[in-house]
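**Q** If you scroll down you'll find the structure; I have some questions about it.
The values are calculated or read from the model by the stated rules, or taken from the named source; none is laboratory data. Here the structure is a predicted model, which means the values were calculated and not measured. Don't worry about glycine lacking a Cβ; one is built from the backbone with ideal geometry, like all the others, and counts go over all protein chains shown.
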Amino acid sequence: MSRVLAVLSLACTIAACGTSEPKPVPAAAEPAAFKPAALGEIAPAFSVSTIGGDSARVGGDRKQPVTLVNVWATWCGPCKAEFPELQALHTAYAPRGLRLLAVSIDTEADSVVASSASAMGATFMIGRDPEDQVRGQFGTVGIPETWLIGSTGTLLWRHSGVISAGDRELRSAIEMALVRAQ
């Protein structure tokens, strides 16, 4: 009896392995979603709804305001800690033409996101991406993540983690982008 079971087991194993050649995986199925958008190249174009009900378009090969994009969530401690830094940058550079867009990946209602942003003193634009598509376009996995996109849609600066309003590299990139946009 054990010999019959052994033969049946071997036969099943051989049948399961098959003899056909493995089919190649199509190029589209390869994971390209996490390839970071390259500095100096045109940033991926995206559009998000804002808390105010408008739409904000960013990136792509078109004329646009210099935009600092920050991806965040209400449940992210480092994101919350960063909001005063974002507000300081908005206060300093909005009069010169910088648009600041904080894109929330929260799945909660707009009112929850708006309340959280308001409680943190945000006076800049809050966008919504509950399907979390924008991060995939930029090849990013963590938050907070911040990108500076120039007036021609070029990705000029990017940073993973909490930013500082006093960061010289960031301030220099913003200054240069605003001068070029004139």
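**Q** Report, by residue number, each residue of segment 39-51 that is in a loop (DSSP other than H, G, I, E, B) and surrounded by 12 or more Cβ atoms within 10 Å (Cβ to Cβ). Reasoning before the result, please.
**A** Taking segment 39-51 first, the residues in a loop (DSSP other than H, G, I, E, B) are 39-41, 43-45, 51.
Residues satisfying the conditions are 39, 43, 44, 45, 51.
**Q** I'd like to know if segment 60-70 contains one or more residues that are farther than 27 Å from residue 180 by Cβ, touching a Gly at 6+ places or on another chain (Cβ under 9 Å) and modelled with pLDDT of 95 or more.
**A** Scanning segment 60-70, I find no residue that is farther than 27 Å from residue 180 by Cβ, touching a Gly at 6+ places or on another chain (Cβ under 9 Å) and modelled with pLDDT of 95 or more, so the answer is no.
Each row is one residue, and each column tells you yes or no for (1) at pLDDT 95 or above; (2) closer than 25 Å to residue 151 by Cα; (3) buried (at least 19 other Cβ atoms within 10 Å of the Cβ); (4) under 18 Å from the mean Cα position of the chain (by Cα).
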residue	(1), (2), (3), (4)
12	no, no, no, no
36	no, yes, no, yes
88	yes, yes, no, no
110	no, no, no, no
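**Q** Of the residues 62, 96, 57, only one is closer than 21 Å to residue 172 by Cβ and surrounded by fewer than 15 Cβ atoms within 10 Å (Cβ to Cβ); which?
**A** 96
**Q** What helices (runs of 4 or more DSSP H) lie completely within segment 65-182 and have 2 or more residues being in contact (Cβ under 8 Å) with a residue 40 or more places away in the chain, touching a strand residue (DSSP E or B) at 6+ places or on another chain (Cβ under 7 Å) and not aliphatic (A, V, I, L, M)?
**A** By residue number, 134-138.
**Q** Can you tell me how many residues within segment 84-113 are in contact with a helix residue (DSSP H, G or I) (Cβ under 8 Å, 6 or more places away or on another chain), closer than 23 Å to residue 137 by Cα and not hydroxyl-bearing (Ser, Thr, Tyr)?
**A** Counting residues in segment 84-113 that are in contact with a helix residue (DSSP H, G or I) (Cβ under 8 Å, 6 or more places away or on another chain), closer than 23 Å to residue 137 by Cα and not hydroxyl-bearing (Ser, Thr, Tyr) gives 6.
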